[in-house]
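The next block holds one structure in the form of structure tokens; read it before the comments.
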Amino acid sequence: MAVSRNLRAAATAAKKHCVPDEWEEWSDCSVTCGKGTRSRTRKEKTPASCGGDPCVLDQVDDCVVPPCPCCFPDGDWSEWTPCSKTCGQGTAKRSRKIKDVCKDDQPHEKCKEQVDYKDCKETDPSDCELSPWSEWSDCTKGVKGKREAVGCKEEGSQQRTRTEIKKANCGKECFGCRDEWQKCTGTCSQST
């Protein structure tokens with residue numbers, strides 16, 4: 001009995017656990033975006049013997065790098081919109097659709113339409129333009145809204161007008177009267 005106890009004690013005393021060296025640097029993450037793994041290793045300084053515990057020489061850990069892009073252009077740019085101003089400096093824009101390539105269970109910001117802007121300026125200025133004068137109206141008398149035809153040799157007035165047919169675009173505005181009045185005398189019918 002005493003001999004076997006002594007043998008067990010000697011065997012226990014002879015156990016040597018592994019002594020590890022320092023860990024090396026972590027490897028790069030296994031992915032360039034999203035969630036992946038990284039690893040590191042180390043060597044033994046002194047190996048285990050006589051049933052001692054071995055060294056842990058490898059480690060693997062999770063790593064997270066910036067999220068993978070989910071939004072990618074889907075098609076060509078639209079045509080540029082007309083300049084926001086017809087006179088002076090303005091802006092024009094164009095857009096294109098964006099495709100979401102990520103899975104629904106992958107948290108990410110919602111993909112938005114891509115919009116591009118550029119400065120623009122009206123380069124073809126034009127002046128305001130008025131129409132030619134209309135023909136003179138019939139000779140009438142009275143107040144606005146209640147005018148009536150004049151009789152033979154009776155005095156009245158007649159009107160002619162003109163309108164703006166083209167607005168100024170970075171050019172000269174229209175000035176001057178839009179209507180004119182003149183005195184007139186009623187005509188007499190020829191007696192037969």
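Values for this structure:
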{"item": "Pairs with Cβ under 6 Å, 6+ apart, first in segment 149-169 and within 18 Å of Glu135 (Cβ to Cβ) and of a type in the set (Val, Ile, Thr), second modelled with pLDDT under 85 and assigned to a loop (DSSP other than H, G, I, E, B)", "result": "Val150/Gly186"}
{"item": "Subset of segment 34-88 (residues that are of a type in the set (S, T, N, Q), modelled with pLDDT of 85 or more and in the same structural domain as Lys112 (by TED's automatic domain parsing))", "result": "Ser78, Thr81, Ser84"}
{"item": "Counted residues, segment 101-117 - those being at pLDDT 85 or above and either among the acidic types (Asp, Glu) or more than 12 Å from the chain's Cα centre (by Cα) (or both)", "result": "2"}
{"item": "Test: residue in segment 97-113 that is in a strand (DSSP E or B) and more than 30 Å from Val65 (Cα to Cα)", "result": "no"}
{"item": "Failed item in (1) surrounded by fewer than 11 Cβ atoms within 10 Å (Cβ to Cβ); (2) touching a residue at least 12 places away in the same chain (Cβ under 8 Å), with Lys110 passing the rest", "result": "(2)"}
{"item": "Filter result (farther than 18 Å from Ser95 by Cα and in a strand (DSSP E or B)) within segment 62-82", "result": "Asp62, Cys63, Val64, Val65"}
{"item": "Residue, nearest to Ala168 (Cα to Cα), within segment 89-99, restricted to residues that are in contact with a strand residue (DSSP E or B) (Cβ under 7 Å, 6 or more places away or on another chain) and either surrounded by 14 or more Cβ atoms within 10 Å (Cβ to Cβ) or modelled with pLDDT of 90 or more (or both)", "result": "Gly90"}
{"item": "Qualifying residues in segment 35-59 (those that are within 49 Å of the chain's Cα centre (by Cα) and surrounded by 11 or more Cβ atoms within 10 Å (Cβ to Cβ)) - the one farthest from Lys103 (Cα to Cα)", "result": "Thr41"}
{"item": "Qualifying positions in segment 152-188 - closer than 13 Å to Ser137 by Cα and of a type outside the set (D, E, K, R)", "result": "Gly156, Ser157, Gln158, Gln159, Thr161, Trp181, Gln182, Cys184, Thr185, Gly186"}
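Here's the yes/no breakdown for (1) loosely packed, with under 12 Cβ neighbours inside 10 Å; (2) at pLDDT 85 or above; (3) not in a loop (DSSP other than H, G, I, E, B):
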residue: Thr123; (1), (2), (3): yes, no, no
residue: Glu135; (1), (2), (3): yes, yes, no
residue: Asp138; (1), (2), (3): no, yes, no
residue: Val143; (1), (2), (3): yes, no, no
residue: Cys152; (1), (2), (3): yes, no, no
residue: Gln159; (1), (2), (3): no, yes, yes
residue: Gly176; (1), (2), (3): yes, no, no
residue: Lys183; (1), (2), (3): yes, yes, yes
residue: Gln190; (1), (2), (3): yes, no, no
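The values are calculated or read from the model by the stated rules, or taken from the named source; none is laboratory data. Since the model is a prediction, treat every value here as computed from it, not as a measurement. For neighbour counting, all protein chains shown are included, and Cβ atoms are generated from backbone atoms with ideal geometry for every residue, glycine included.
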